[in-house]
1. Could you please tell me which pairs satisfy a Cβ distance under 8 Å, a separation of 6+ or placement on different chains, a first residue in region A:11-28 that is on the phi > 0 side of the Ramachandran plot, and a second residue that is not in a strand (DSSP E or B)?
2. Is there a residue being closer than 25 Å to residue A:17 by Cβ and not hydroxyl-bearing (Ser, Thr, Tyr) anywhere in region B:125-133?
3. Would you confirm, using the coordinates I've provided, whether residue B:50 is touching a Leu at 6+ places or on another chain (Cβ under 8 Å) and either farther than 21 Å from residue B:27 by Cβ or away from ligand 2 (no atom under 11 Å from the Cβ) (or both)?
4. Which of (1) of a type in the set (Gly, Ala, Ser); (2) under 18 Å from residue B:142 (Cβ atoms); (3) in contact with a Gly (Cβ under 6 Å, 6 or more places away or on another chain) is the odd one out, the single condition residue B:58 does not satisfy?
5. Between residues in region B:88-113 that are touching a residue at least 40 places away in the same chain (Cβ under 8 Å) and residues that are assigned to a loop (DSSP other than H, G, I, E, B) and within 6 Å of ligand 1 (Cβ to nearest atom), which pairs lie under 6 Å by C-beta distance while being six or more apart or on different chains?
6. Within region B:105-146, track down each residue that is hydrophobic (A, V, I, L, M, F, W, C) and more than 13 Å from the chain's Cα centre (by Cα).
7. Filter region B:41-82 down to residues that are away from every other protein chain (no Cβ under 14 Å) and of a type in the set (Lys, Arg) and give me whichever is nearest to residue B:125 (Cα to Cα).
Amino acid sequence: MTITQDNGVLTAHLTGEIDHHSAAFMRSAVDAAFVRTSPKELVLDFSGVTFMDSSGVGLALGRYKKTREQNCTLVLAGLSERDKRMMKLSGMQKMEMVEFR
Amino acid sequence: MKKSVNDFKMNVLSRSVNESFCRAVVGAFAALCDPTVEELSDLKTAVSEAVTNCIVHGYRDRPGRIYIDAALLEGNVLRVKIRDKGCGIEDVSRAMEPLFSTAGNERSGLGFTVMESFCDSVRVRSAPGKGTVVTLTKTITGKCDE
Ligand SMILES: Nc1ncnc2c1ncn2[C@@H]1O[C@H](COP(=O)(O)OP(=O)(O)OP(=O)(O)O)[C@@H](O)[C@H]1O
Ligand SMILES: [Mg+2]
């Protein structure tokens, strides 16, 4: 996983498998960068993800709590059709300041 | 009762590293009957949900054992039982409702919903203080080399 920052946009390029085990590391890395940079937009880029279960949804929802508090937009990008369907079971597509790309 | 054509049993320690191990093993067993890529990822996702629940909820991150019992039944039906001897579930039907979760911020409460959407059936038996068994069944459209 790599995290990049450009002009107020923080992007986490998630890679490999997201489950409860691997999500713990991703969560702390993203949160640390988020606190450090206070971005106006946080992009979780799932295009390098080869597997995810509902822990990926939990990862997005957990970040949303923080972005929302800071008036930061949360962008969920690069989800496969199947993972997007799973993500949408949470109702995130209807939440304020969340974008699917 | 459908006859079993092939089966395996295993048990692993309830450590989170074993989530990927368990879904990979069940995936390798399912691969013996030539599933589609989608069927395989559906099954692995459902197994991952059930195993994670044993670790996170059943044993509450304390050490315990997870018992997996998988069988290929006649008619290309895979049946996977995932069992823990953890805390059990007081109200199973409530636990299975979408978005219901007793865990904190990082859980979506979608585990059972995902299992149900990716399998043909999900049966849950649980006794508070004794543990939980989740039985997943899924028909594989591929052909087995029997
Ligand atoms: N093996 C288990 N032992 C004890 N309680 C369980 C077990 N499996 C599930 N539960 C209970 O059922 C609830 C719902 O489970 P489900 O998997 O649907 O959601 P979750 O695990 O809370 O969140 P998610 O799976 O989306 O990360 C859990 O919060 C927990 O209270
Ligand atoms: Mg769960």
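The values are calculated or read from the model by the stated rules, or taken from the named source; none is laboratory data. Source: prediction; values computed, not measured. Neighbour counts run over all protein chains shown; Cβ positions are idealised from the backbone, glycine included.
1. As it stands, the answer is A:16/A:1; A:16/A:22, since those pairs meet every condition given.
2. No: zero hits.
3. Values: touching a Leu at 6+ places or on another chain (Cβ under 8 Å): yes; either farther than 21 Å from residue B:27 by Cβ or away from ligand 2 (no atom under 11 Å from the Cβ) (or both): no.
So residue B:50 does not fit the description; no.
4. Going through (1) of a type in the set (Gly, Ala, Ser); (2) under 18 Å from residue B:142 (Cβ atoms); (3) in contact with a Gly (Cβ under 6 Å, 6 or more places away or on another chain) one by one, residue B:58 breaks only (2).
5. B:107/B:101
6. Of all residues in region B:105-146, those hydrophobic (A, V, I, L, M, F, W, C) come to B:110, B:112, B:114-115, B:118-119, B:122, B:124, B:127, B:133-134, B:136, B:140, B:144.
B:110, B:127, B:140, B:144, listed by residue number.
7. Let us first name the residues in region B:41-82 that are away from every other protein chain (no Cβ under 14 Å), namely B:62-65, B:67-81.
Remaining after also requiring of a type in the set (Lys, Arg): B:62, B:65, B:79, B:81.
Details: B:62: 21, B:65: 17, B:79: 15, B:81: 11 Å.
Here the answer is B:81.
Listed here are the residues, each with its yes/no results for (1) under 11 Å from the mean Cα position of the chain (by Cα); (2) within 16 Å of ligand 2 (Cβ to nearest atom); (3) at pLDDT 95 or above; (4) hydrophobic (A, V, I, L, M, F, W, C).
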position: A:32; (1), (2), (3), (4): no, no, yes, yes
position: A:36; (1), (2), (3), (4): no, no, yes, no
position: A:43; (1), (2), (3), (4): yes, no, yes, yes
position: A:51; (1), (2), (3), (4): no, yes, yes, yes
position: A:69; (1), (2), (3), (4): no, no, yes, no
position: A:78; (1), (2), (3), (4): yes, no, yes, no
position: A:84; (1), (2), (3), (4): no, no, yes, no
